[in-house]
Amino acid sequence: MKIIIAPDSFKGSLAAPDVCRAVKKGVLAVFPGADVTELPLADGGEGTMESMVRASGGQFIQREVRGPLGEPVRAAFGVLGDGETAVIEMAQASGLTLVADGERNPLTASSFGTGELIQAALDLGYRKFIVGIGGSATNDAGTGMLKALGMRFFDSRGAELGEGGGDLGRLAHIDGSGFDERIAEADFLVASDVRNPLCGPDGASAVFGPQKGATPEMVRVLDAALHHFAEVTHRQTGKELRAYPGGGAAGGMGAALIAFLDAELRPGIGLVLESLDFAAEIRDADLIITGEGRLDAQTLEGKVVAGVAEAARSSGVPVIALAGSQNLSFAQLRQIDLLSAFSIVSGPCSVEMAMEQAEQLLTEKASMVLSVMRPGLLSAPPDA
């Protein structure tokens, strides 16, 4: 019997490899002889780079870069096993987890460090890039990243703008004369499951700004600043940033990558599964167990669980999901081809307690679920 364990992280509680280990323990308690394959996943945010690099037998390269608030941070980018593709994870250099709750400020947070990681990879000769842009602390339309690569932004008096999204409202001129010429030689794929536009009620500031520390007034200022940035960009380059689906990803980083690095946005989980050759991994599997911290309407929009279920559809392998909270109806589970889904919490429990006990709860729930599944569904007897 072959069982694939392919979850996302349970954010704030367990990393994806830890989820794999906990579920595997529960599987082996019921089917001790099972062939269990662990495939920790991510969808473009934290863990994307590690998942892809480890699965491909690649390597990690460490660099000291500028963090979201200008402080030095130790970050890494990866190189896939092909020896040609660099994987940049925005969360490593410009991530929300790098900023304490009380210090989050998208008016000043910068994506400069992400640009430094791209530059470091260019310096080492890499020209193929996969960029994961989930989990950012920024709302600067990627201008910090562009600055690190040589682009300059000036106000009407000829002074260079400061860092962060708040200053973009003063933008008068973009100088691309010093932009790194090697960018034109490189190919960029961007892992993102966000389709939001740059501006407006569904844009970067309104939808994602609050989780990065933006007050309602800051959201208004940031959205106006992104509108102005898009107007100046359109006037100088003819590129309409507000028209790009996914341009609002990572505080507008999506728009910057599309417009200035000629990047292609792809669903994050699709890129990760492709790099793992997931179709080959599951070809002879009897069951796939996936999961994430919360199953809800957002799951249907291309998160890890939905991506796994879609990838398994053509192979006919059944997929079940485990989650901290399960809020999908039976019809919604069928919509994404999940056989079933289960919350790991069986009774009244605080969120804090559930997160603290997540590993034990995952192991127990995996055992309980597999214990009641008919051996025929898994194509093997319980002692196989």
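What follows is calculated from the coordinates using simple rules that are stated; it is not laboratory data. Bear in mind the structure is a predicted one, so any value in this text is a computation, not a measurement. Cβ coordinates were reconstructed from backbone atoms using ideal geometry, including for glycine residues, and neighbour counts include every protein chain displayed.
Observations, loosely collected:
- Considering only beta bridges that DSSP places wholly inside the chain, some 35 percent are antiparallel.
- Three-way shape call for the range 48-268 based on the alpha-carbon gyration tensor, with the a/c threshold at 1.5: prolate
- GLY95 long-range amide H proximity, modeled H, under 5 Å: ALA137
- Integer Hz, Karplus 6.51/-1.76/1.60 couplings in order for the range 291-301, x for Gly and Pro: x, 7, x, 9, 9, 8, 4, 5, 4, 6, 8
- Options ALA311, VAL19, SER111, ranked by Cα towards positive dipole end of the chain, top entry (Cβ charges): ALA311
- The computed Cα extents along the principal axes in Å for the structure shown corresponds, within [x] 74, 53, 35; [y] 76, 45, 34; [z] 58, 47, 42, to [y].
- The range 178-185 - phi-based ³J(HN,Hα) in whole Hz, Karplus 6.51/-1.76/1.60, Gly and Pro as x: x, 5, 3, 5, 5, 4, 5, 8
- Inter-part distance where the range 60-134 and the range 191-269 are each reduced to a Cα centre, Å: 19 Å
- For the range 294-342, a crude dipole built from +1 on the beta carbon of Lys and Arg and -1 on the beta carbon of Asp and Glu, taken about the Cα centre, is about 60 debye to the nearest 20.
- Modelled label positions at ASP155 and GLU352, each set 7 Å beyond Cα in the direction of Cβ, lie 4.4 nm from each other.
- Interchain or long-range residues, amide H under 5 Å from THR85's placed H: LEU80
- Of all DSSP beta bridges in the range 48-268, antiparallel share, percent nearest 5: 55 percent
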